Each structure stands twice: as structure tokens, then as C-alpha cells.
């Protein structure tokens with residue numbers, strides 16, 4: 001074991017590499033229509049296929065199926081082939097109970113019928129962050145969206161670690177990545193990523209670190225530590241780097257990092273937005289990383305790649321746009337995000353604001369259960385956005401706000417915080433109680 005130290009103006013970090021060079025190639029790449037991770041292909045929020053998607057839907061229209069879930073959660077469904085995977089939790093939280101009763105569940109459903117194929121129960125590592133205050137009650141204990149490389153499912157459960165399963169539900173390995181808490185005890189929510197045979201886990205609250213695990217064995221390949229990661233809730237994506245290499249890209253307080261997936265070392269960084277926390281995820285499109293942050297606000301676009309501080313040399317544009325919790329969307333040359341029920345559309349090349357308009361249905365959005373945590377997604381020339389009270393807005397991808405439909409789902413007390421998944425024309429929407437699948441004609 002040896003240590004490598006590097007610094008920027010914003011942080012100092014240490015990387016431990018325990019098994020250098022041990023990378024395993026991904027054998028089964030996701031299919032074209034798969035939605036294999038948080039916000040689909042590379043976290044873009046854009047469907048990988050051109051299949052037509054429904055505009056209007058309900059329990060009686062364009063419904064393929066609806067299933068009740070064994071517990072709550074805000075993690076998002078993923079789609080791998082003909083199967084849907086999702087995590088939930090039960091035993092402790094909104095319905096009472098104690099931490100001793102807390103159980104997570106990993107579900108595998110048939111994408112065509114909603115039939116449960118298998119279910120795995122994951123016991124909690126205790127103590128957990130309490131279900132109290134402003135943070136944990138807003139998302140609970142199933143906040144991290146699973147990820148798949150087409151052969152295996154990797155699920156991160158915070159203090160309860162990372163578990164890998166094959167597609168038939170056989171557990172392959174498990175690995176702890178820390179049991180600490182963030183300073184506010186809000187819990188964690190960053191979803192894992194798989195790149196070049198490495199499962200990348202942002203264990204900020206748990207370990208103040210990003211951890212690289214061998215996808216096949218679960219062995220720890222490297223750990224990159226930094227105190228600033230304690231206040232990161234976004235998820236990593238990938239981007240093209242120098243010389244055909246791939247970088248992991250992550251938004252952190254005050255900076256965007258480009259990280260080597262083989263070692264965990266930072267290749268490049270750029271001063272960005274955010275102060276003491278980073279709530280959203282960076283989105284990468286056409287070699288440019290975009291972020292629009294909440295709290296103090298701020299927006300930026302930076303070309304990926306390079307070495308060291310690229311904040312000036314790679315800056316495309318910066319602005320003062322303000323966001324809340326949702327990750328922005330780049331679609332058809334436009335940057336979209338929704339904040340406090342207001343839809344924003346920017347020119348992705350220049351950052352120039354094209355429009356800013358309130359969504360047609362008024363609603364709440366206060367911090368806590370029922371707030372708007374979902375991120376917009378796109379398919380078939382349409383943008384979908386789910387509010388905390390279950391209104392699914394369908395907007396045309398145009399240079400003015402053109403609402404196509406507002407679809408009301410759920411019942412009293414049912415909350416919506418997960419981002420939808422889209423695969424082969426089907427729209428998968430998750431609430432605190434149910435998972436719906438909608439498609440044209442319910443086919």
C-alpha cells in the first residue's frame with residue numbers, strides 16, 4: 001500500500017491504492033434500450049431509443065401495470081433487458097417501528113407484466129441516522145439507485161454497504177464502505193456507477209471518500225478521501241478524457257472533479273458552484289459538463305478532460321441560475337431544469353436563457369416529505385417531470401413552455417421523489433407506495 005497526495009485551492013485529499021491495476025472488463029454491456037442506472041445512460045436522463053412514449057396516462061389510461069411496493073424509498077427504478085430492479089425499505093420510518101426493525105429490499109420485476117421475479121432482504125447495519133429532523137424523513141433509507149453492467153446488479157445501502165447480485169438474485173459479494181454520518185445527519189443518496197470494471201461509490205457521509213471496487217469480486221481497488229465529500233449528495237457520471245481515456249466526473253462543493261477510474265486520482269478540476277454542499281449531479285453532453293446548483297445558486301459549463309486546474313482554459317460559460325434538488329437535463333441542444341415548479345430552458349452552448357415559465361399546476365414544494373426531488377427526463381421529443389405530490393408534467397421539447405399534459409397519480413399521503421425510468425417506449429414511475437409502468441395503449 002502506498003499513498004499519493006494531491007491538492008487544489010479547495011481541498012486536500014489522499015488516495016490509497018490497495019490492489020493497483022486489477023480491473024475486470026465488463027462482459028455483458030447494457031442493451032440499447034436499457035436504463036441501467038440513476039437517470040439512465042450515463043446519468044443523462046435521455047432515453048437511448050426513439051420509441052414513442054405516452055403523453056396522457058393514469059390508472060385507467062395507457063397503463064401496462066401497477067404494483068404495490070413492500071416499503072418506501074426514493075431510489076429510482078432501473079431497466080435491464082426485460083427486468084426492472086428497485087430498492088425499498090420497511091420496518092422503521094414514517095409508519096413508526098424501531099431501527100431494529102429496519103430492512104431494505106431489492107426487487108426484480110418483469111418489465112412486461114410487473115410480476116415479481118425475486119426479492120432480497122438486506123439487514124441494516126446499526127445504528128442508522130435517526131428518522132427525524134429535516135433530512136432523513138425526506139428520503140428515508142432506500143435513496144441510492146442500483147446500477148447494472150448487464151451481468152450484475154450493484155446496490156448501495158449507505159452504512160449497510162454495497163451488495164452485488166447476478167440477474168437471478170444470487171448474492172455475489174458485499175463490501176462495507178464506511179458507517180459514519182454527514183455533519184447534519186441527513187443520510188446519503190449518491191448512486192453508484194460502473195466504469196471499466198470498477199464499481200464507483202461516493203461514500204461521502206459514510207467514509208468521506210470515493211471508493212473503487214472490483215466489479216467481479218468486490219475487492220477494494222482504491223479509496224480517494226476528502227472531507228469535502230461529507231456534503232455531496234449527487235451521483236458520478238463519465239466523460240471522455242485525454243487520449244481516449246474515460247474520466248469519472250463528480251460535482252463537489254466549489255469544484256467539479258475529473259477522476260481516473262483506475263486509481264481514484266484527480267486528473268483535472270475546475271472551480272464551480274456550490275458552497276458548503278452539492279445537492280445535484282453533473283450532466284455531461286458532447287464533452288461538456290454542466291451543473292446548476294441550489295442553495296446559493298450558480299450554473300456552469302466546462303469542457304471535460306485536460307490536466308490540473310482547467311477552470312479557465314476549459315470554461316464554456318457560467319451564470320447565476322438557481323436550482324433546487326433536481327439534476328439538469330441536456331436535450332436537443334437545450335439545458336433544462338425545474339426549480340420550485342418553474343421550468344427553465346437555456347441554450348446549452350451559450351448559457352443564454354431561452355425561457356423561464358411556471359408549470360401549469362400550482363403546488364407546494366416545501367422542504368421535507370412531499371418536496372420536489374425528482375429530475376427531468378426526456379424521450380420522443382418530450383420532457384417528463386414528476387412533482388412531490390404526484391403530478392407528472394409532460395412538456396414538449398421546444399423553445400417555449402408547451403405543456404402537453406399534467407397527469408395526476410397517487411392517493412392522499414402518497415409521495416413522489418424518484419426520477420422516472422424510460423425504456424423501449426415504457427415509462428416507469430415510482431412513488432412511496434407503488435411502481436407504475438405506462439406505455440402507448442398499455443402494450
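The values are calculated or read from the model by the stated rules, or taken from the named source; none is laboratory data. This structure is a prediction, so every number in the text was calculated from the model and none was measured. Positions of Cβ are generated from backbone atoms using ideal geometry, with glycine treated the same way; all protein chains shown enter the neighbour counts.
Checking each residue in segment 117-148 for being out of contact with any helix residue (DSSP H, G or I) (no Cβ under 8 Å at 6 or more places or on another chain) and buried (at least 23 other Cβ atoms within 10 Å of the Cβ) picks out 139, 140, 142, 145, 146, 147, 148.
Just one residue in the set 371, 398, 411, 418 is touching a helix residue (DSSP H, G or I) at 6+ places or on another chain (Cβ under 7 Å) and at negative phi; that residue is 371. Can you find a residue in segment 166-185 that is in a strand (DSSP E or B), over 25 Å from residue 249 (Cβ atoms), out of contact with any helix residue (DSSP H, G or I) (no Cβ under 8 Å at 6 or more places or on another chain) and free of Cβ contacts under 8 Å to residues at least 40 places away in the same chain? The answer is yes, given that some residue of segment 166-185 is in a strand (DSSP E or B), over 25 Å from residue 249 (Cβ atoms), out of contact with any helix residue (DSSP H, G or I) (no Cβ under 8 Å at 6 or more places or on another chain) and free of Cβ contacts under 8 Å to residues at least 40 places away in the same chain.
The requirement of being within 22 Å of the chain's Cα centre (by Cα), outside any loop (DSSP other than H, G, I, E, B) and farther than 24 Å from residue 176 by Cα is fulfilled nowhere in segment 118-131; no residue meets it. Does residue 28 satisfy the condition of being farther than 21 Å from residue 373 by Cα and modelled with pLDDT of 95 or more? In short, no. Of the strands (runs of 3 or more DSSP E) that lie entirely inside segment 192-305, those containing 3 or more residues that are over 18 Å from the mean Cα position of the chain (by Cα) span 220-225, 266-271, 299-303. Give me the residue from segment 202-214 that is closer than 20 Å to residue 122 by Cβ and in contact with a helix residue (DSSP H, G or I) (Cβ under 9 Å, 6 or more places away or on another chain) and, out of that set, surrounded by the most Cβ atoms within 10 Å (Cβ to Cβ). It comes out as 202.
With 305, 297 as the choices, which residue is within 24 Å of residue 233 (Cα to Cα), touching a residue at least 12 places away in the same chain (Cβ under 8 Å) and in contact with a helix residue (DSSP H, G or I) (Cβ under 7 Å, 6 or more places away or on another chain)? Within the list 305, 297, the selection yields 305. Looking across segment 70-101, the residues that are crowded, with 19+ Cβ neighbours inside 10 Å and either modelled with pLDDT under 95 or not in a strand (DSSP E or B) (or both) come down to 71, 73, 74, 75, 76, 77, 92, 93.
Out of curiosity, is residue 187 modelled with pLDDT under 95 and in contact with a strand residue (DSSP E or B) (Cβ under 6 Å, 6 or more places away or on another chain)? Against the criterion (modelled with pLDDT under 95 and in contact with a strand residue (DSSP E or B) (Cβ under 6 Å, 6 or more places away or on another chain)), residue 187 does not qualify.
Here residue 280 meets each of (1) touching a residue at least 40 places away in the same chain (Cβ under 8 Å); (2) farther than 26 Å from residue 184 by Cα with one exception, condition (2).
Checked against (1) free of Cβ contacts under 8 Å to residues at least 40 places away in the same chain; (2) farther than 26 Å from residue 372 by Cβ, residue 125 passes all but condition (1). Screening residue 350 on (1) surrounded by 14 or more Cβ atoms within 10 Å (Cβ to Cβ); (2) in contact with a strand residue (DSSP E or B) (Cβ under 7 Å, 6 or more places away or on another chain); (3) within 22 Å of residue 44 (Cβ to Cβ) shows it passes everything except condition (1).
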